[in-house]
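For reference, the structure is listed below as structure tokens.
The values are calculated or read from the model by the stated rules, or taken from the named source; none is laboratory data. Just so it is clear, the structure is predicted and the values come from calculations on it, not from any experiment. When we count neighbours, we look across all protein chains shown, and the Cβ atoms used for this are built from the backbone with ideal geometry, even at glycine. Keep in mind that these areas ignore ligands, DNA and RNA; they rest on the heavy atoms of the full protein, side chains included. Shrake-Rupley method; radii C 1.70, N 1.55, O 1.52, S 1.80 Å.
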Amino acid sequence: MHITMSDIIPVFLGADLNCYNFARAFHEAYGVESYAYGRYPMAPTKYSKIIHFTTVPDMDNEDTMLRILHEFAAQHKGKRLYLFGCTDDYAAMIIRRKAELTEYIAPGPAADLYGSIQKKAEFYEVCEKFGIPYPDSKILTAPVDAAELTEDKLGFAYPIIVKPSSSVDYWKHPFDTMKKVYTAATPAEAAEIVKTIYASGYPDRMVLQKMVPGGDDHMRVLTAFSDENGKVRAMCLGHTMVEEHTPHGSGNHAVILNEPCGPFAEKIRAFLEDIGYVGFSNFDIKYDQRDGKYKFFEINCRQGRSNYYVTGAGHNIARLVVEDRIEHRELPLLITSNRSLWRMVPKKVAFDFTPKRYHQEMKALIQAGADSHSLVYGQDAALKRRLRIWKNHLGNLKRFQQYNQKPEG
């Protein structure tokens, strides 16, 4: 089937790097411009000529979302409308109300399946069933005294990681000292973090977790795409070099080197196919040098924020969904082995904060043209856009100097 420009209109909820990465993939593959809606504009999509963004202050209200999307569909009858959420919250809204959005192709898991795996505590229960390693954890349902959080009671040593099981619910209850993830050095500190989070109104479970040692370069990110029949058609593993360490952005990828998937890929494929998962899934992983295992932290039921690392490796994610949902191709399983470099920061930041042992390969990939920067796109380079990206570069130089430590070796 020949796909023409007029056939496809991608629609995104969100305005962040995730949105720009995916819209860029659609533009590269099919020359189409995308539409996006969100509560406020954000730097990655600002002044872009390939994304038409509309501010809707209460876009996170499901009734508003349905009204806006129905209106858009009515204005574009006969088109192939794709719909994607770019944050956990927006993805959850689409999944919950997909039955009412029949005008759109919205690849994603069924609502009941989503509810059983998207929270970290539930995901770890599934990991047990499939033999997928994850860090030792204790689950709390309410605040407890420090005496209940001693190393003896937890079964693992301090310092520990403290994080909400449900990211969607957590970000709906903001407070001054809010972070994406917390580290606690003592039982008293852990108890205070848990107490503060529950005091904000957060309603779900909390995860206290054994810390996996190692810097940013011990992290991995795995992206998978499952077709409309629940068969995994693509898997791409990224070896994280640098992450953000700002309070709200901690853990966001800044530099990724693609590498071949490890032996765990087969376990993840079996897991996704067994549960009948559909659409993009994204896994946060950390290599544990103590036992040589890759420990899984969570599943994101959407394409990840840094999804351009897949497209940049030569496997355009927009083509995956179009070939699946419009062309209905029986896609062969693609496990990416291409080496490539992806970043969303200036080269200086990438080299300053990546361990030196990776620099030679990074330089070789740059010289070979096997590198990409999400925001630097020759077909979206109007003057205002270039100035916005330059401002972003300067901001990253400052932020990484402030929050990141330069690695040893």
TODO: Taking Ala185 as meeting all but one of (1) over 24 Å from Asp284 (Cβ atoms); (2) surrounded by fewer than 18 Cβ atoms within 10 Å (Cβ to Cβ), write down the number of the exception.
DONE: (1)
TODO: Return a yes/no flag: does the range 370-386 have any residue that is basic (Lys, Arg), over 21 Å from Tyr47 (Cβ atoms) and either surrounded by 14 or more Cβ atoms within 10 Å (Cβ to Cβ) or over 24 Å from the mean Cα position of the chain (by Cα) (or both).
DONE: no
- [ ] Tally the residues that are within 20 Å of Asp274 (Cβ to Cβ), outside any helix (DSSP H, G or I) and among the small types (Gly, Ala, Ser), restricting the search to the range 95-124.
- [x] 2
TODO: Would you mind finding the one in Gln289, Gln209 that is surrounded by fewer than 19 Cβ atoms within 10 Å (Cβ to Cβ) and either modelled with pLDDT under 95 or closer than 28 Å to Leu154 by Cα (or both)?
DONE: Gln289
- [ ] Hand me the list of strands (runs of 3 or more DSSP E) wholly inside the range 280-384 holding 2 or more residues that are out of contact with any His (no Cβ under 9 Å at 6 or more places or on another chain).
- [x] 293-300, 371-373
TODO: Identify all residues within the range 10-38 that are farther than 17 Å from Arg305 by Cβ and of a type in the set (D, E, K, R); write none if there are none.
DONE: Glu28, Glu33
TODO: Would you mind finding the one in Thr45, Thr64, Thr87, Thr102 that is under 21 Å from His328 (Cα atoms) and polar (S, T, N, Q)?
DONE: Thr102
- [ ] Select from the range 226-240 the residues that are more than 16 Å from Ala270 (Cβ to Cβ) and in contact with a Pro (Cβ under 8 Å, 6 or more places away or on another chain) and write down the one among them that is surrounded by the most Cβ atoms within 10 Å (Cβ to Cβ).
- [x] Leu237
Task: Any pair with Cβ under 8 angstrom, 6 or more apart, that starts in the range 66-77 at a residue that is surrounded by 14 or more Cβ atoms within 10 Å (Cβ to Cβ) and ends at one that is in a helix (DSSP H, G or I) - done: Leu66/Glu100
Open item on the list: Looking at the range 354-373, can you tell me whether even one residue there is closer than 30 Å to Ser166 by Cα, touching a Phe, Trp or Tyr at 6+ places or on another chain (Cβ under 7 Å) and of a type in the set (Ser, Thr, Tyr)?
Closed with: no
- [ ] For Gly115, indicate whether it is at positive phi, open to solvent by 10 Å² or more (accessible area, probe 1.4 Å) and not hydroxyl-bearing (Ser, Thr, Tyr).
- [x] no
Task: Scan of the range 179-198 for residues that are touching a Phe, Trp or Tyr at 6+ places or on another chain (Cβ under 8 Å) and in a loop (DSSP other than H, G, I, E, B), ordered by number - done: Ala185, Thr186
Open item on the list: I'd like to check something: does the range 199-210 contain any residue that is more than 25 Å from the chain's Cα centre (by Cα) and outside any loop (DSSP other than H, G, I, E, B)?
Closed with: yes
- [ ] Residues being open to solvent by 20 Å² or more (accessible area, probe 1.4 Å), touching a residue at least 40 places away in the same chain (Cβ under 8 Å) and under 20 Å from His248 (Cα atoms): count how many of those fall in the range 17-43.
- [x] 1
TODO: May I ask you to say which residue of Gly262, Gly292, Gly279 is in contact (Cβ under 8 Å) with a residue 12 or more places away in the chain, over 17 Å from Tyr20 (Cβ atoms) and over 17 Å from the mean Cα position of the chain (by Cα)?
DONE: Gly262
Task: Breaking point among (1) crowded, with 17+ Cβ neighbours inside 10 Å; (2) touching a Ser or Thr at 6+ places or on another chain (Cβ under 7 Å), for Ile389 - done: (2)
Open item on the list: Going residue by residue through the range 248-256, is there one that turns out to be more than 22 Å from Thr183 (Cβ to Cβ), touching a helix residue (DSSP H, G or I) at 6+ places or on another chain (Cβ under 7 Å) and surrounded by fewer than 18 Cβ atoms within 10 Å (Cβ to Cβ)?
Closed with: no
Open item on the list: So if I check each of Tyr104, Tyr134, Tyr158, which one is within 20 Å of the chain's Cα centre (by Cα) and at pLDDT 95 or above?
Closed with: Tyr134
Task: Boolean, Asp169 is out of contact with any helix residue (DSSP H, G or I) (no Cβ under 6 Å at 6 or more places or on another chain), assigned to a helix (DSSP H, G or I) and modelled with pLDDT of 95 or more - done: no
TODO: Residue by residue through the range 262-279, note down the ones that are in contact with a Ser or Thr (Cβ under 8 Å, 6 or more places away or on another chain) and surrounded by 19 or more Cβ atoms within 10 Å (Cβ to Cβ).
DONE: Leu272, Tyr277, Val278, Gly279
Open item on the list: Among the numbered criteria (1) open to solvent by 60 Å² or more (accessible area, probe 1.4 Å); (2) more than 30 Å from Leu272 (Cβ to Cβ), which one does Lys138 miss?
Closed with: (2)
- [ ] Starting from the range 175-199, keep only residues that are among the charged types (D, E, K, R), then list their pairs with residues that are assigned to a loop (DSSP other than H, G, I, E, B) and loosely packed, with under 14 Cβ neighbours inside 10 Å whose Cβ atoms are within a distance under 7 Å, requiring at least 6 positions of separation or different chains.
- [x] Lys179/Pro247; Lys180/His248
